[in-house]
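Encoded as structure tokens, the structure appears first; notes follow it.
The values are calculated or read from the model by the stated rules, or taken from the named source; none is laboratory data. Remember, predicted model here, so these are calculated numbers, not experimental data. Here the Cβ is made from the backbone with ideal geometry for all residues, glycine too, and neighbour counts use every protein chain on show. SASA here: full protein model, heavy atoms, side chains in, ligands and nucleic acids out. Shrake-Rupley method; radii C 1.70, N 1.55, O 1.52, S 1.80 Å.
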Amino acid sequence: MSVTPEPAARRVAVITGASSGIGEATARALASAGLSVVLLARRADRIQALAGQLDDSAFAIQADVTDPDSLSAAATRVESEMGGADVLVNNAGIMLLAPFNPAQHADHRRMIETNLLGAMNATEVFLDQLRAKRGDLVNLSSVAGRTARPGNAVYAATKWGMNGWSESLRQELHPDVRVMVIEPGAVATELTDHITHPETKQAAEQMYEQMAITAGDIAEIIAFAVTRPRRVTINEILIRPTAQP
Ligand code: NDP
């Protein structure tokens, strides 16, 4: 008797910060690679519009990574409606560059709350699902997680923190969960729009205009990493524009 195998279930990828830039491009790339995507961000209109452009299995859930209750509600929906997450992309982030100064106190707290604690919040609520499904955890760090320079002290602290946390998790979670760290250089997105220190904003925008690569360049690499055979883990990828010193 011949038995027709059941078609393999589609993997489900949850992407934080999917409303613009690298998160949006990653959602598109993962959907093209055949995954079902769940789009998380605060701007509900943006993620709903994006879900509408992708296939029927894509859906949007408004969530703020600094609000653990909104993430828990999202995780409950992903579990009940999609059977759990196979991939979590911790992408939500802000880069409020400025010389270290007490005047930037609020920006410092926001970066740590979003980039570092936000990623931890999301991982806490999806960790059981990733373990159960032998999934992938993709953390968006930065070149700023490997080097530091004047003017990016707290942003670099969040990304160095991301790298240390990710390496520890890699060792704790393997072989159940593959942990991957992506470290882009300058990428043209909305990231520099939110810088509050005028001189730094102008300098960053000039630098980005000269050399930034596209969000799609990064998304392609994330899609490649999470679609490798299970025996392979790409743990860390540093990607600079060719023109970036
Ligand atoms: P964008 O500003 O285009 O995207 C940032 C995303 O994060 C948005 O979708 C935003 O959505 C989301 N976000 C911000 N705060 C929160 C929050 N509290 N809760 C949920 N979502 C939030 O920038 P990028 O695409 O460039 O940034 C994505 C990641 O890539 C960041 O972690 C950044 O540090 C990293 N990166 C970027 C580089 C670059 O040069 N662009 C270089 C290296 C790393 P919303 O406002 O709708 O909530």
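Of all residues assigned to the range 91-98, none qualifies as being assigned to a helix (DSSP H, G or I), at negative phi and crowded, with 19+ Cβ neighbours inside 10 Å.
From Asn121, Asn91, grab the single residue that is touching a Pro at 6+ places or on another chain (Cβ under 7 Å), within 12 Å of Leu40 (Cβ to Cβ) and touching a residue at least 40 places away in the same chain (Cβ under 8 Å).
Numbers: Asn91 fails: touching a Pro at 6+ places or on another chain (Cβ under 7 Å).
Only one candidate qualifies: Asn121.
Count of the range 64-90 residues, restricted to those that are away from the ligand (no atom under 15 Å from the Cβ) and open to solvent by 30 Å² or more (accessible area, probe 1.4 Å), is 7. For the range 26-63, filtering for residues that are open to solvent by less than 20 Å² (accessible area, probe 1.4 Å), part of a helix (DSSP H, G or I) and closer than 17 Å to Ala92 by Cα leaves 5. Scanning the range 144-171 for residues that are within 16 Å of Ile237 (Cβ to Cβ), open to solvent by less than 20 Å² (accessible area, probe 1.4 Å) and part of a loop (DSSP other than H, G, I, E, B) yields no hits at all.
Filtering the range 14-48 to residues that are polar (S, T, N, Q) and over 17 Å from Val138 (Cβ atoms) leaves Ser19, Ser20, Gln48.
Going residue by residue through the range 121-138, is there one that turns out to be of a type in the set (Val, Ile, Thr) and within 12 Å of the ligand (Cβ to nearest atom)? Scanning the range 121-138 turns up at least one residue that is of a type in the set (Val, Ile, Thr) and within 12 Å of the ligand (Cβ to nearest atom). Going through (1) over 11 Å from the mean Cα position of the chain (by Cα); (2) buried (at least 19 other Cβ atoms within 10 Å of the Cβ) one by one, Arg131 falls short only on (2).
Within the range 44-61, can one find any residue that is more than 9 Å from the ligand (Cβ to nearest atom) and within 24 Å of Arg170 (Cα to Cα)? No, that holds for no residue.
Within the range 10-25, the set of residues being in a loop (DSSP other than H, G, I, E, B), more than 13 Å from the ligand (Cβ to nearest atom) and open to solvent by less than 50 Å² (accessible area, probe 1.4 Å) is empty. Residues in the range 168-196 that are in contact (Cβ under 8 Å) with a residue 60 or more places away in the chain and either within 13 Å of the ligand (Cβ to nearest atom) or charged (D, E, K, R) (or both): Arg170, Pro184, Val187, Thr189, Glu190, Leu191, Thr192, His194, Ile195.
The conditions of being within 8 Å of the ligand (Cβ to nearest atom), within 17 Å of the chain's Cα centre (by Cα) and open to solvent by 20 Å² or more (accessible area, probe 1.4 Å) are met by Glu113.
Among residues of the range 99-110 being in a loop (DSSP other than H, G, I, E, B) and touching a helix residue (DSSP H, G or I) at 6+ places or on another chain (Cβ under 9 Å), the one that is least open to solvent (accessible area, probe 1.4 Å) is Pro99. Give the residues of the range 202-232 that are in contact with a helix residue (DSSP H, G or I) (Cβ under 8 Å, 6 or more places away or on another chain) and not aliphatic (A, V, I, L, M), sorted by residue number. Listed by number, the residues that qualify are Glu205, Tyr208, Thr214, Gly216, Glu220. If you go through the range 188-226 and keep only what is more than 15 Å from the chain's Cα centre (by Cα), surrounded by 15 or more Cβ atoms within 10 Å (Cβ to Cβ) and assigned to a loop (DSSP other than H, G, I, E, B), you end up with Ile195, His197, Ala212.
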